């Protein structure tokens, strides 16, 4: 897992040396595998690939009041840092994809994921390294740390341990480790490990609006 820290630290130095605005209150200054908030997913995948990927996740958010307002897409490529990347993109309420390329499939959340199966201590160690780098990149954000039970596990034995950088805009950059109860994880085929995410307040408000 050494490949994780080196690219992130290099990314930090790149921002530090080339972009004086990196410390601004703007999550678009941070990218995951080259993707940033506000990009069109069409710059990274074809429309057919996107629509096919959406079909795999279309039923994951039926517990929300507007389940089809946004769509989730997983990208499985040979990324230099992460095992996989997941994004949320703009959709319209009728579940018909927007026509204007400037609006179509606009990225509103990005998560980079690295698997740590039954190795929570190593996950936390790497998470802390990442969180330190992110805190240096965005020193004007409010940093919070939370440990809570995962909502999908009724036993409450699966936990999320995270560090969150909160922007004045309501947007958040987070780094957390998930640790599922093993029987529950295997039953539902969950992956546990590090998730580094860039989230807009728009997406977070949608996720909180449950039926």
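Side notes on the structure shown:
- Any hit, the range 191-205, residues being farther than 26 Å from residue 90 by Cα, touching a residue at least 40 places away in the same chain (Cβ under 8 Å) and assigned to a strand (DSSP E or B): yes
- Of everything in the range 168-189 that is part of a loop (DSSP other than H, G, I, E, B) and out of contact with any strand residue (DSSP E or B) (no Cβ under 8 Å at 6 or more places or on another chain), the residue that is surrounded by the most Cβ atoms within 10 Å (Cβ to Cβ) is 180.
- Sole residue being surrounded by fewer than 19 Cβ atoms within 10 Å (Cβ to Cβ) and either out of contact with any strand residue (DSSP E or B) (no Cβ under 7 Å at 6 or more places or on another chain) or over 22 Å from residue 28 (Cα atoms) (or both), chosen from 144, 201: 201
- If you go through the range 150-164 and keep only what is surrounded by fewer than 19 Cβ atoms within 10 Å (Cβ to Cβ) and either out of contact with any strand residue (DSSP E or B) (no Cβ under 6 Å at 6 or more places or on another chain) or in a helix (DSSP H, G or I) (or both), you end up with 151, 152, 153, 154, 155, 157.
- The single residue among 102, 91 that is within 26 Å of residue 58 (Cα to Cα), more than 17 Å from the chain's Cα centre (by Cα) and either at pLDDT 90 or above or crowded, with 19+ Cβ neighbours inside 10 Å (or both) turns out to be 91.
- Residue list for the range 110-125, filter: part of a helix (DSSP H, G or I) and at pLDDT below 90: 120
- Within the range 35-57, the residues that satisfy the criterion of being loosely packed, with under 14 Cβ neighbours inside 10 Å and farther than 18 Å from residue 202 by Cβ are 43, 46, 47, 48, 52, 55, 56.
- Candidate set from the range 31-46 (those that are touching a helix residue (DSSP H, G or I) at 6+ places or on another chain (Cβ under 9 Å) and either part of a helix (DSSP H, G or I) or at pLDDT below 85 (or both)); member that is nearest to residue 82 (Cα to Cα): 41
- Boolean, residue 11 is under 26 Å from residue 193 (Cα atoms), surrounded by 16 or more Cβ atoms within 10 Å (Cβ to Cβ), at pLDDT below 50 and in contact with a strand residue (DSSP E or B) (Cβ under 9 Å, 6 or more places away or on another chain): no
The values are calculated or read from the model by the stated rules, or taken from the named source; none is laboratory data. Being a predicted model, the structure only gives us computed values, none of them experimental. For neighbour counting, all protein chains shown are included, and Cβ atoms are generated from backbone atoms with ideal geometry for every residue, glycine included.
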